[in-house]
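Okay, so here's the structure we're looking at.
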Amino acid sequence: MAGRSITPKSPGLSVSARKIKDNAADWHNLIMKWETLNENGFTSATKIMNIKIATRFKDKLEIECDNVASDDRSMPPDYNVALEEHCTELLRTFENMTKIHQKMEKLCSTTKGICDLEKYHHGDHRTPLFHTWPTSYFYEASVKLLEMYSKELKLKQTVVQEIAHTADQDLLMVYLSSWLYQPYIEQSSRVILESMLLETGHRSLL
């Protein structure tokens with residue numbers, strides 16, 4: 001999600017409306033941070049893959065030539081150092097994504113609490129807090145976003161756990177591609193987020 005972070009400003013709104021508007025801004029900002037981390041993780045994963053492929057090619061070449069002693073075909077010292085460094089970077093990125101996911105869970109829980117409170121006070125006939133959305137729509141939108149990012153986080157966990165231990169080049173490419181393109185984060189996520197920002201006034205109505 002390109003663009004600067006949104007700082008919520010909500011004069012004249014009810015407490016529930018201000019909180020919903022703040023949550024919409026938080027969703028935007030968290031997704032921006034997630035995308036930045038995804039790019040960082042892709043860079044680390046690419047370096048890991050390149051090291052694995054380069055070392056595999058080197059080993060294959062040495063075996064075919066058969067002109068070095070078997071003891072010399074072990075991994076060079078700098079291989080382990082570089083691989084460990086990039087794996088640590090990837091793990092750190094994943095841990096930061098996990099923290100973002102936890103904040104997304106909190107947003108979803110907070111939004112549900114607001115919806116429950118609004119229903120308790122006003123029943124099912126509450127006037128929309130902003131333009132057209134019933135309060136429940138904000139919770140439904142949050143749930144949909146959280147489901148996508150939850151599935152994506154599990155996929156990234158698999159990549160982090162397996163990429164350094166995989167020798168097959170095709171499988172390495174699958175891991176790298178899945179990290180970059182995030183298959184569980186559907187195109188509809190952008191529509192959901194932008195609709196939420198539009199409804200709460202963070203985006204201007206044309």
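Determine how large the accessible area of M97 is when every protein chain is in place; take a 1.4 Å probe and give Å² rounded to the nearest 10.
Counting only protein heavy atoms, the figure is 0 Å².
Once fully extended, how much extra length lies between Q187 and S109, figured as 0.36 nm per residue of separation less the alpha-carbon to alpha-carbon distance?
This chain segment gains 25.7 nm when fully extended.
Rolling a 1.4 angstrom probe over the protein heavy atoms, how many square angstrom per residue are accessible across segment 132-206?
56
How large, in percent, is the carbon and sulfur part of the accessible surface of segment 85-164 at a probe radius of 1.4 Å?
Looking at segment 85-164 in its full context, I get 51 percent from C and S.
How many nm separate the modelled label positions at D168 and N80, each set 7 Å beyond the Cα in the direction of the Cβ?
Reported label-point gap for D168 and N80 is 2.7 nm.
Please go through the residue pairs K21/K47; K52/K144; K52/K151; K112/K154; K19/K47 and name each one whose alpha carbons sit more than 32 Å apart in this structure.
The pairs that break the limit, which is 32 Å between Cα atoms, are K21/K47; K52/K144; K19/K47.
The values are calculated or read from the model by the stated rules, or taken from the named source; none is laboratory data. Quick caveat: nothing in here was measured; it's all calculated off a predicted structure. Here the Cβ is made from the backbone with ideal geometry for all residues, glycine too, and neighbour counts use every protein chain on show. Side chains included, ligands, DNA and RNA excluded: accessible areas come from the protein's heavy atoms. Shrake-Rupley method; radii C 1.70, N 1.55, O 1.52, S 1.80 Å.
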